[in-house]
Amino acid sequence: MPENDLHTAAFPKLTDAQMTALSSCAGATLKRYRDREALFKTGDRNFNFYVVKSGAVEIVDDSGETPKTIAVLGPGEFTGDVAHLTGRPSVVSAIARGDTE
């Protein structure tokens with residue numbers, strides 16, 4: 001089995017077939033975000049799970065004096081934060097980069 005880099009392991013990408021199946025899921029709704037619009041912010045609770053259809057989402061660590069980009073997610077990639085599992089506040093922010101669906 002080929003060794004994956006850290007980004008690939010931490011931020012898996014859905015296949016075209018998985019994206020198609022997701023689009024027919026009753027709970028999935030298409031939302032559009034403008035450049036620099038926040039999907040969720042550090043400290044938010046009960047935020048949604050997002051899959052990037054087009055555009056990009058920057059995951060930002062705001063905990064230090066200067067915000068730090070953790071990752072930039074593109075089509076087929078999705079947000080996931082430990083807060084989804086623990087019920088705790090999000091430890092990162094997710095910001096649209098460009099027009100994003």
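The values are calculated or read from the model by the stated rules, or taken from the named source; none is laboratory data. No experiment lies behind these values; they were computed from the predicted model shown. Here Cβ is always computed from backbone atoms with ideal geometry, including for glycine, and neighbour counts include all displayed protein chains. Surface areas here come from the heavy atoms of the whole protein model, side chains and all, with no ligands, DNA or RNA. Shrake-Rupley method; radii C 1.70, N 1.55, O 1.52, S 1.80 Å.
Here is how the numbers come out for the structure above:
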item	result
Hits in region 8-39 (condition: touching a residue at least 60 places away in the same chain (Cβ under 8 Å) and of a type in the set (Gly, Ala, Ser))	10
Near pairs, Cβ below 7 angstrom, 6+ apart or cross-chain, from region 41-55 (under 28 Å from residue 24 (Cβ atoms)) to any residue that is modelled with pLDDT of 90 or more and open to solvent by 100 Å² or more (accessible area, probe 1.4 Å)	55/99
Helices (runs of 4 or more DSSP H) within the chain that include 1 or more residues surrounded by 13 or more Cβ atoms within 10 Å (Cβ to Cβ) and of a type in the set (A, V, I, L, M)	16-23, 82-86
Output for region 77-101, where each listed residue is in contact (Cβ under 8 Å) with a residue 60 or more places away in the chain and among the polar types (S, T, N, Q)	100
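Residue-by-condition table, conditions (1) of a type in the set (A, V, I, L, M); (2) in contact with an Asp or Glu (Cβ under 9 Å, 6 or more places away or on another chain):
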position	(1), (2)
28	yes, no
34	no, yes
44	no, no
52	yes, yes
